[in-house]
Amino acid sequence: MFGADPLLRARDTAPLAAERRLTILYDDRPIAATRDDTVTAALLRAGVVATSRSLKYRRPRGPFCLQGDCGTCLVRIDGVPNRRACTTAVREGMRVEPQNRVLSGGPDPTALVDRMFASNLDHHHFMVRPKLVNRVMQEVARNLAGLGTLPDRPAAPARCEEHHPDVVVIGGGRSGRAAASRLRAAGLDVACLERREHDLGTAVAHAHAVFGVYPAEGLVAAMDTAGDGDVLRTYRAAHVLLATGAREVMTPLRNNDLPGVLAARGLAELLARTGDVLACPTVVIGPPSLARPLAATLGADALAPDEVRAILGGGRVEAIATSSGKREAGCVALASPAAPASELARQAGAQVQWNGDGFAVVRDADGRCGAGPWTLWACGEVAGTTAQDAADDGERVAAAIVAAHRQGTIR
Amino acid sequence: MTQRIFVCRCEDVTVAEIDHAIALGLASVEEIKRYTGLGTGPCQGKECTVALVRLLLDRGTIGADAVQPFTARPPAEPVTLAALSSLATKAQAQDEP
Ligand code: FES
């Protein structure tokens, strides 16, 4: 399996300049990578698709969303478990290992769980009685169900840094970036927080994953793991702008969890960023209005979800069973209307409303969506705009923030 | 491998398991979350919540007007206990005269 059938390959076949090349280790084997790659991009190019096993049914799993949302690309990096491969940039000599496996190499005996419980596994009723059986079961389940194993060494304490900008922009995508540059142009001190390391070098200063918005404490808290040693950063600001965008929603299909099934949106962005092309037959599955144009850009085929009986494969995607027969595929891209990524907005106390695709932040005409220790704002897809309109919306809300901030300072 | 249809891949919750929960009389987002464990894995509901809502709307157990997601709590991103505790240590140091 290793190194076989890559999912991606570089569009440009000319050899890379030496300073752009580096090597990482996956399961002790060297893999070629390009500077600015994410770990996931390097692995997909090397044909490594499955990197862990699932908690309950012990099924092989790999990356899906490719943008730090789903949590199944977790791997062990340099002795630390549960690092997201899709948002972590490669570094020379980085040691990447799969996790949640019982044996290294060869078939995993726990994979049997999937067959033994071919119908449901309802943990409320499974092996609850007699007591002794329950105790044994609890022990086994506990051992299997953890995520990864303990780090090689205890984590060094993180540094803490406090920041007091005028505005915190959460999200450095289309709308967040547009808003941040408009705010900076108006002379405001802006912290634009983006969790993807590979977006470094744009208007965004560092990779900062906002993990909590605490209105009671008036605090936005983010982890910065990009440099030497972890830094926990806290922000207090007069304005918090939510620009967290939107994300793919899982399409219900048989075997939609197979490694090699990827979110169409994440895949398109990854290809645009790295300049890779798909290296295997790929099918985009989704409503025709979304799937067809996407398939055309990717050089793939499109299918509607109701044409698909099942995605087939052992440890990764091998074929698709359709109503008119079977077709080979090495990669499946699932496309569905994107849903606003509104968790942090809700933590901050903003209201959300079902808009047919997901839960969008409710805001006023200027973009305000709450008050408290700060004025809360939202722009772009998290507030329900389309991806095309996101940047314009970011600028518009930024202009409203500038006006509000000036009033606030004059008063 | 068996052929399952997943709604939540973190906690391995399938459409069949959600239908089983519905058959037991559970209907809302919150009830299904509590019974199946959906949304409680490393993604904290980012991947599955909306997929679940789309499914429940389709099954008719909830209505689109009033539906709300389950409560969003920190951490929304992976953060180590070591990092969180360093914040507490710092606060303590500041409190001491
Ligand atoms: S979080 Fe990395 S692929 Fe989804």
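A cysteine counts as unpartnered when no other cysteine's C-beta lies under 4.7 Å of its own; in chain B this applies to B:Cys10, B:Cys43.
About its Cα centre, the protein assembly as shown has a charge dipole of approximately 720 debye under the convention of +1 per Lys or Arg Cβ and -1 per Asp or Glu Cβ, with nothing else charged. Using a probe radius of 1.4 angstrom, the carbon and sulfur fraction of the accessible surface of the range B:6-95 is 55%. Rounded to the nearest 10 degrees, the angle from helix A:390-410 to the longest Cα principal axis of chain A is 40 degrees.
Beta-bridge orientation, the protein assembly as shown: approximately 60 percent antiparallel, per DSSP, counting only bridges with both partners inside.
For the range A:58-73, putting each phi into the Karplus relation 6.51 cos²θ - 1.76 cosθ + 1.60 with θ = phi - 60° gives couplings of 6, 8, x, 9, x, x, 10, 6, 6, 9, x, 9, 9, x, 9, 9 Hz, in residue order, rounded to whole numbers and with x for Gly and Pro. Counting only the Cα atoms, the range A:8-144 fills a convex hull of 132 Å³ per residue. Seen from A:Arg327, the other residues with C-beta closer than 13 Å to its C-beta sum to a net charge of -2, counting Lys and Arg as +1 and Asp and Glu as -1.
Probing with 1.4 Å while keeping every protein chain in the model, the per residue accessible area of chain A equals 44 Å². Have a look at the range B:1-40 and report residues whose accessible surface goes down by 50 Å² or more when the remaining protein chains are included, against the chain on its own, probe 1.4 Å, ligands and DNA/RNA excluded. Listed in order, they are B:Met1, B:Thr2, B:Gln3, B:Arg4, B:Ile5, B:Phe6, B:Arg9, B:Asp12, B:Glu17, B:Tyr35.
Lys and Arg at +1, Asp and Glu at -1: add these up for the other residues within a Cβ distance under 15 Å of A:Val249 and post the number. Once all neighbours under 15 Å are counted, the net charge is -3.
Can you tell me how much longer the chain between A:Arg115 and A:Asp228 gets when fully stretched, taken as 0.36 nm per residue apart minus their C-alpha distance, in nm with one decimal? Here the answer is 36.3 nm. Put simply, the convex hull of the Cα atoms in the range B:6-95 casts, on average, a shadow of 7.4 nm². The orientation-averaged projected area of the convex hull spanned by the Cα atoms of the range A:47-86 comes to 3.1 nm².
Note on the range A:68-100 and the range A:1-59: Cα centroid distance 12 Å, given to the nearest whole angstrom. Amide H contacts of B:Ser28 (H built 1.01 Å from N, in plane; Pro and chain starts excluded): no residue 5 or more places away or on another chain comes under 5 Å. Membrane-span-like helices in chain B, defined here as complete DSSP H runs extending at least 20 Å along the helix axis by their C-alpha atoms with mean Kyte-Doolittle hydropathy no lower than 0.0, are B:81-95; this is a sequence and geometry rule, not a statement about a membrane.
Once the Cα atoms are used to define both axes, helix A:131-145 deviates from the longest principal axis of chain A by about 70 degrees.
Hydrodynamic estimate: the Kirkwood radius of chain A over Cα pairs, inserted into Stokes-Einstein at 25 °C and 0.890 mPa s, corresponds to D of 107 µm²/s.
Reported to the nearest whole Å, the Cα centre-to-centre distance from the range B:1-49 to the range A:144-179 is 28.
From helices alone, chain B scores -13500 deg cm²/dmol at 222 nm; the rule is -39500 (n - 2.57) for each run of n ≥ 4 DSSP H residues, then divide by the residue total. Can you tally the net charge around B:Ala76? Count Lys and Arg as +1, Asp and Glu as -1, for every other residue whose Cβ sits under 11 Å from the Cβ of B:Ala76. Net charge in that neighbourhood comes out at +1. Computed from Cα positions, the angle between helix A:264-274 and the longest principal axis of chain A comes to roughly 80 degrees.
The values are calculated or read from the model by the stated rules, or taken from the named source; none is laboratory data. If you're wondering where the values come from, they're calculated on a predicted model, not measured in any experiment. Reconstructed Cβ throughout: ideal geometry from the backbone, glycine too, with neighbour counts over all protein chains shown. For the accessible areas, the whole protein counts, side chains as well, though only heavy atoms, and no ligand, DNA or RNA atoms are used. Shrake-Rupley method; radii C 1.70, N 1.55, O 1.52, S 1.80 Å.
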